[in-house]
Amino acid sequence: MITIGEMQISGMLTMMMLSVMLMACVPNRSTHRSCFARARWMMAAGTGLIAVQFLLQYIFGFRQMGVTQAVCCNLMFFTPASLMCSMAVLYVQRQGHIAQKEWQTAGGICCLTIILLIGATLLDGVALHEESSTLRMAEYAGSVLYVMMQSYIFKRQYTTYKRMEQAVDEYYDRSRRDLFGWMGWSMKAMTVLAFFVPLVIFLQCAPLVVFSIAYFFAIAYSTISLYSYGISEDIARVEEADNEELRIKDEEFATETTQNRPNDRAISEAVERWIASGSYREHNLTLSIVARQMGVAQRQLQEWLRQSEHGKLAGLVTTLRIEEAKRVLKQHPEWSTESVANYCGFSSREYFHRTFRQMTGSTPANYQ
């Protein structure tokens, strides 16, 4: 059975490694995306605070000294650590645009928690090595403030995440939530764990160990995912879709007049010409590329797609590609599945196989 001391050392070393990983991020991968370059330092500060917390717990033996002292140390460091880690995710989501009011609100709750704990420790007149009822009440209040802070950040993360989700869904020719799916898991895990804080902070043995491990892995997952996302091209693809969505909304707001509304007949004719040209078989189509090929405004095409049976670009393109695949499978039985997938515009044989089965109820081989 792992001891508390061994768990503290393991946690400290792991958090230190994550901090070093973020700080030593390959320069040319981190600086070309300023939002990630700054967010990684925020995340590194968060993991660094957790490492310090583990170190202090190990050196001074707060857990062995008593539950109240250990909880005070945990809240003193976990609250600002969670703030930095969660805001780092929001910072990347917003491309660096976090309102000053949001910083002040979340940071204010964090500071209030720390002041409350320090004030109770200094003013209750009880020696640190003894249990203190005053400090315990302050810790209950601090844990509630921690939940409030995390809930406040989650609400903003979730709103931004749903906007990004819609932007990516409508921009690419297939579902690309894999580009930033880690954000959803990360923000949900951190918030769910926050609600357990008031319930488990004074527990010992197995329940505390389980919660500590869950919290530890949530932070580690968020850190590694943020790092991987920041140094990959995924962040550029998501930002492209997000920026195009914001630009379209700005255009709609600026030109909200009758003559600028989409002409359904003209758009329908442009779509028919585009379908006849077979351009839907091109790989890696986006809403901006298709609008340019059709010779129509991007916002008008998007509005037309929303009102159509397809709903979005991916719906239209996927339907056309599957119908083309059916035709090719009948006319060219000698073609391999991979050749059919590539010809029809699917990014991979696996994606083609999965999509074909979802839309027809049969595999390409059985259909053929």
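Please give the number of the condition residue 172 fails out of (1) of a type outside the set (Val, Ile, Thr); (2) surrounded by fewer than 19 Cβ atoms within 10 Å (Cβ to Cβ); (3) in contact with a strand residue (DSSP E or B) (Cβ under 7 Å, 6 or more places away or on another chain).
For residue 172, the exception is condition (2).
Between a residue in the stretch 22-36 that is closer than 22 Å to residue 93 by Cβ and assigned to a helix (DSSP H, G or I) and any residue that is of a type in the set (S, T, N, Q) and modelled with pLDDT under 70, which pairs come within a Cβ distance under 8 Å, given they are 6 or more apart or on different chains?
So the pair list comes out as 36/30.
I want to confirm something. Restricting to the stretch 316-337 and keeping residues that are among the acidic types (Asp, Glu) and without any contact (Cβ under 8 Å) to a residue 24 or more places away in the chain, which single residue is surrounded by the fewest Cβ atoms within 10 Å (Cβ to Cβ)?
Among residues in the stretch 316-337 that are among the acidic types (Asp, Glu) and without any contact (Cβ under 8 Å) to a residue 24 or more places away in the chain, the one surrounded by the fewest Cβ atoms within 10 Å (Cβ to Cβ) is 334.
Name the residues in the stretch 179-195 that are surrounded by fewer than 17 Cβ atoms within 10 Å (Cβ to Cβ), among the hydrophobic types (A, V, I, L, M, F, W, C) and closer than 22 Å to residue 145 by Cα, would you?
Passing the criteria: 192, 195.
If I go through the stretch 267-310 residue by residue, how many of them are farther than 18 Å from residue 344 by Cα and among the hydroxyl-bearing types (Ser, Thr, Tyr)?
Here the count works out to 3.
Consider residue 156 against the criteria (1) modelled with pLDDT of 90 or more; (2) open to solvent by 50 Å² or more (accessible area, probe 1.4 Å); (3) more than 13 Å from the chain's Cα centre (by Cα): it satisfies all of them except one. Which criterion is unmet?
Tallying (1) modelled with pLDDT of 90 or more; (2) open to solvent by 50 Å² or more (accessible area, probe 1.4 Å); (3) more than 13 Å from the chain's Cα centre (by Cα), residue 156 fails exactly one: (3).
Considering each of 110, 72, 35 in turn, give the residue that is touching an Asp or Glu at 6+ places or on another chain (Cβ under 8 Å), closer than 25 Å to residue 152 by Cβ, hydrophobic (A, V, I, L, M, F, W, C) and crowded, with 17+ Cβ neighbours inside 10 Å.
Going through 110, 72, 35 in turn, just one is touching an Asp or Glu at 6+ places or on another chain (Cβ under 8 Å), closer than 25 Å to residue 152 by Cβ, hydrophobic (A, V, I, L, M, F, W, C) and crowded, with 17+ Cβ neighbours inside 10 Å: 72.
Scan the stretch 303-315 for residues that are closer than 14 Å to residue 266 by Cα and open to solvent by less than 10 Å² (accessible area, probe 1.4 Å) and report the count.
The number of residues fulfilling the criteria is 1.
Being at pLDDT below 90 and among the small types (Gly, Ala, Ser) is true for just one of 220, 167, 194. Which residue is that?
The conditions single out 194.
Among the residues of the stretch 97-107, count how many are modelled with pLDDT under 95 and either β-branched (Val, Ile, Thr) or open to solvent by less than 20 Å² (accessible area, probe 1.4 Å) (or both).
1
(1) more than 21 Å from residue 234 (Cβ to Cβ); (2) open to solvent by 40 Å² or more (accessible area, probe 1.4 Å): which one isn't true of residue 138, the others all being true?
Among (1) more than 21 Å from residue 234 (Cβ to Cβ); (2) open to solvent by 40 Å² or more (accessible area, probe 1.4 Å), residue 138 violates only (2).
Can you pull out every residue in the stretch 272-300 that is closer than 12 Å to residue 173 by Cβ, open to solvent by less than 30 Å² (accessible area, probe 1.4 Å) and in a helix (DSSP H, G or I)?
279, 280, 287, 288, 290
Could you tell me how many of the residues in the stretch 215-236 are β-branched (Val, Ile, Thr) and either open to solvent by 10 Å² or more (accessible area, probe 1.4 Å) or free of Cβ contacts under 8 Å to residues at least 24 places away in the same chain (or both)?
Final tally of qualifying residues: 2.
What pairs can you find where one residue is in the stretch 143-155 and under 17 Å from residue 71 (Cβ atoms), the other is open to solvent by 30 Å² or more (accessible area, probe 1.4 Å), and their Cβ atoms are less than 8 Å apart, with a gap of 6+ or different chains?
From residues that are under 17 Å from residue 71 (Cβ atoms), the pairs are 143/198; 144/198; 145/112; 145/116; 146/78; 147/195; 147/198.
The values are calculated or read from the model by the stated rules, or taken from the named source; none is laboratory data. Only a predicted model underlies this, so the values are computations on that prediction, with no experimental measurement involved. Heads up, the Cβs are rebuilt from the backbone with ideal geometry, glycines too, and the neighbour counts pull from every protein chain shown. In case anyone asks, the SASA skips ligands and DNA or RNA and just uses the protein heavy atoms, side chains included. Shrake-Rupley method; radii C 1.70, N 1.55, O 1.52, S 1.80 Å.
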